[in-house]
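Heads up, the thing below is written out as structure tokens.
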Amino acid sequence: MLHYTFLITLAVTAFQQPLQTQSVHIPEKLKGRSVVLVGIIDLDADKKNDLRLFRRRLIASGVKSIPFVNHEGILTDGNLNKDTMFIVVGTLSDPAQAKNACEKKAARKAIKTYLGLRKRARKLGIRAVSAKDFALYVGYKTESK
């Protein structure tokens, strides 16, 4: 997997039962704004994507919208706009490590989508941060079951 050290790495589990977590404490300047999630967001280091759980927690805490790049590499549920505060970047899959042609195509598409978002974000003054850094910023903590 490609790791972008200049970006915030988040781990989010897309298809598992939600873990018990403490609430997210959104800073006031983030309420009513949006963030875009890219990559695999693994918040609890279980090697599973926590994206859906993290999105639900953020929306419940006052983030306006959370577009994300899905497993096919397509930006879903919105786009960058004047309300976007951050692009939150998790781990991007390495096409060279894909198990089949479909996974390789999706990994390439996700990277291409991410690079396009970064280009637009620079023009709009939107910061890209790693998922881990963003999780710390909003006070996201997981608890064991």
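For this structure, a couple of remarks:
- Residues of the stretch 98-145 satisfying the condition of being in contact with a Lys or Arg (Cβ under 9 Å, 6 or more places away or on another chain) and loosely packed, with under 13 Cβ neighbours inside 10 Å: L124
- No other residue among G90, G78, G116 is free of Cβ contacts under 8 Å to residues at least 40 places away in the same chain and out of contact with any Phe, Trp or Tyr (no Cβ under 6 Å at 6 or more places or on another chain) apart from G116.
- Answer from V38, V88, V138 - the residue that is of a type in the set (V, I, T) and at pLDDT below 90: V138
- Within the stretch 1-35, tally of residues that are surrounded by fewer than 16 Cβ atoms within 10 Å (Cβ to Cβ), of a type in the set (G, A, S) and modelled with pLDDT under 85: 1
- Counting the residues of the stretch 119-142 that are at positive phi and free of Cβ contacts under 8 Å to residues at least 40 places away in the same chain gives 1.
The values are calculated or read from the model by the stated rules, or taken from the named source; none is laboratory data. Keep in mind that this is a model prediction, so the values were computed, not measured. Cβ: placed from backbone, ideal geometry, glycine included. Neighbour counts: every protein chain shown.
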